[in-house]
Amino acid sequence: MALITGTGGGQGRSAALLFAREGAVVVGCDLNGEGARETVELVRAQGGSIESTQPLDLGDSTQARAWVAEAAARHGGFDVLYNNAAAARFASIADLNDAEWRAIVRDELDLVFYTCSAAWPHLLERGGGSIVNTASTCGVAGQPSSPGAFAHAATKGAVIALTRELALEGGPHRIRANSLSPGPVWTPANDARMRDPAVREAHLGAMMLPRLGEPGDVASAALFLASEESAWVTGENLIVDGGLSAR
């Protein structure tokens, strides 16, 4: 059984569809109720198994922890936690105020901690499992094609470090933890920004492969890290960015 956050669209929806096709029972959630319900319909239409809680604010510790606990209780535990959900915002240090900073930390870092913390005792009891946390190439290196990523880069760098420590603590208990760092992926959440030709050209000019990422590119990488195909992989940050950060 796989817990996947942010299944209301984009990368989370692609992951829900892919994981279900591979035989996983998916338990999803999203703040976007309409999108989450649509994902449920799509997964069930292809014959997959999915439950979903919506609207759910993962930045609220009580809601996030309850979601994990209730899923574990219904299914007798789970094997995978895929933290896909986040709400990215971009602003330079010159423009970012205290309230915006706290909101970004809440919606990109706190929500990862809450679900990982809630999942930990269940994975210990199960004798292992896999945690996949979504970071970003902005957390690895400065990205001139992503201006204003100041706080976003800080939180995603923290996700990478948090995941590495989870792997260190989880290793003796057969709990694997890896992060996934997508580059520029065109999703419904950033559709308006990606429709700007200048933004697209800036990203494309920085990549080795001449196309923007698609949600399925990230979902496939997440499936690998979640599955036994990566049984000897932990503490890693898998970059999926068309060669952007390697250039």
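The values are calculated or read from the model by the stated rules, or taken from the named source; none is laboratory data. Everything numeric in this text was worked out from a predicted model, so none of it was measured. A quick note on method: Cβ atoms are made from the backbone with ideal geometry, for glycine too, and the neighbour counts reach across all protein chains shown.
Tell me whether the range 92-100 contains one or more residues that are surrounded by 18 or more Cβ atoms within 10 Å (Cβ to Cβ) and either closer than 14 Å to Gly6 by Cα or of a type outside the set (Lys, Arg) (or both).
First, pick out the residues of the range 92-100 that are surrounded by 18 or more Cβ atoms within 10 Å (Cβ to Cβ): none.
Scanning the range 92-100, I find no residue that is surrounded by 18 or more Cβ atoms within 10 Å (Cβ to Cβ) and either closer than 14 Å to Gly6 by Cα or of a type outside the set (Lys, Arg) (or both), so the answer is no.
Checked against (1) closer than 19 Å to Leu238 by Cα; (2) touching a residue at least 60 places away in the same chain (Cβ under 8 Å), Ala151 passes all but a single condition, namely (1). Residues of the range 200-228 that are surrounded by 18 or more Cβ atoms within 10 Å (Cβ to Cβ) and part of a helix (DSSP H, G or I): His203, Ala206, Pro215, Asp217, Val218, Ala219, Ala221, Ala222, Leu223, Leu225, Ala226.
Filter the range 229-244 down to the residues that are crowded, with 18+ Cβ neighbours inside 10 Å and of a type outside the set (A, V, I, L, M) and list them by number. Within the range 229-244, Ser230, Thr234, Asn237, Asp241, Gly242 qualify. Residues considered: Ala15, Ala24. Of these, the only one that is of a type in the set (A, V, I, L, M), closer than 17 Å to Thr134 by Cβ and surrounded by 23 or more Cβ atoms within 10 Å (Cβ to Cβ) is Ala15.
One line per residue, one yes/no per condition, for (1) more than 24 Å from Ala15 (Cβ to Cβ); (2) over 19 Å from the mean Cα position of the chain (by Cα); (3) in a strand (DSSP E or B):
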| position | (1), (2), (3) |
| --- | --- |
| Phe78 | no, no, no |
| Ala88 | no, no, no |
| Ser117 | no, no, no |
| Val132 | no, no, yes |
| Gly157 | no, no, no |
| Gly171 | yes, yes, no |
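Do we find that Ser117 is buried (at least 24 other Cβ atoms within 10 Å of the Cβ), at pLDDT 95 or above and of a type in the set (S, T, N, Q) in this structure?
Working: buried (at least 24 other Cβ atoms within 10 Å of the Cβ): no; at pLDDT 95 or above: yes; of a type in the set (S, T, N, Q): yes.
It is false that Ser117 is buried (at least 24 other Cβ atoms within 10 Å of the Cβ), at pLDDT 95 or above and of a type in the set (S, T, N, Q).
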